[in-house]
Amino acid sequence: MESTRIDRWLWAVRLTKTRPDASQACKGGHVRINDKPAKASATVVAGDRVRARVGDKTRIVEVVRVIQKRVGAADAATCFIDRTPPPPVEAPIARRDRGAGRPTKRERRILDQFRAQN
């Protein structure tokens, strides 16, 4: 097995929950193979870089092994290398709920410590 359809592969390696979800992602332009837009029928081979927006996250994976049937999660994880960059680290913001009133003495100390660290 040298190549397979991209929608089938995305479903087989568990990047999407169902094959129709993978097809819809391809139709919507959310899947790219080697930085080119991919239709659901586009073929994927070992060594390709696949960029797929799944839900609210964009996953970048490199194809190691091509499979057509859905396998266990442990086996599916060996079929690709995840090249997705880690999400940016956001600094926590000290906020209180609006209308919560004045901070207590304890809350005030915690806020002061937090502001001193940043």
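The values are calculated or read from the model by the stated rules, or taken from the named source; none is laboratory data. Since the model is a prediction, treat every value here as computed from it, not as a measurement. Note: ideal-geometry Cβ built from the backbone for every residue, glycine included; neighbour counts use all protein chains shown. Side chains included, ligands, DNA and RNA excluded: accessible areas come from the protein's heavy atoms. Shrake-Rupley method; radii C 1.70, N 1.55, O 1.52, S 1.80 Å.
Couple of notes before you dig in:
- Of the strands (runs of 3 or more DSSP E) that lie entirely inside the stretch 8-92, those containing 2 or more residues that are of a type in the set (A, V, I, L, M, F, W, C) and out of contact with any helix residue (DSSP H, G or I) (no Cβ under 6 Å at 6 or more places or on another chain) span 49-54, 57-63, 80-82.
- Options Thr4, Thr43: the member that is over 19 Å from the mean Cα position of the chain (by Cα), polar (S, T, N, Q) and either within 30 Å of Arg108 (Cβ to Cβ) or open to solvent by 70 Å² or more (accessible area, probe 1.4 Å) (or both): Thr43
- Taking the numbered list (1) closer than 30 Å to Asn118 by Cβ; (2) touching a residue at least 24 places away in the same chain (Cβ under 8 Å); (3) open to solvent by less than 100 Å² (accessible area, probe 1.4 Å) in turn, Ala38 passes all entries but (1).
- Single unsatisfied condition, Lys69 versus (1) exposed (fewer than 10 other Cβ atoms within 10 Å of the Cβ); (2) free of Cβ contacts under 8 Å to residues at least 24 places away in the same chain: (2)
- Residue ID - farthest from Thr16 (Cα to Cα), chosen from residues in the stretch 46-55 that are at pLDDT 95 or above and open to solvent by 70 Å² or more (accessible area, probe 1.4 Å): Arg49
- Residue check, Arg96 surrounded by fewer than 12 Cβ atoms within 10 Å (Cβ to Cβ), touching a Pro at 6+ places or on another chain (Cβ under 7 Å) and more than 16 Å from Thr16 (Cβ to Cβ): yes
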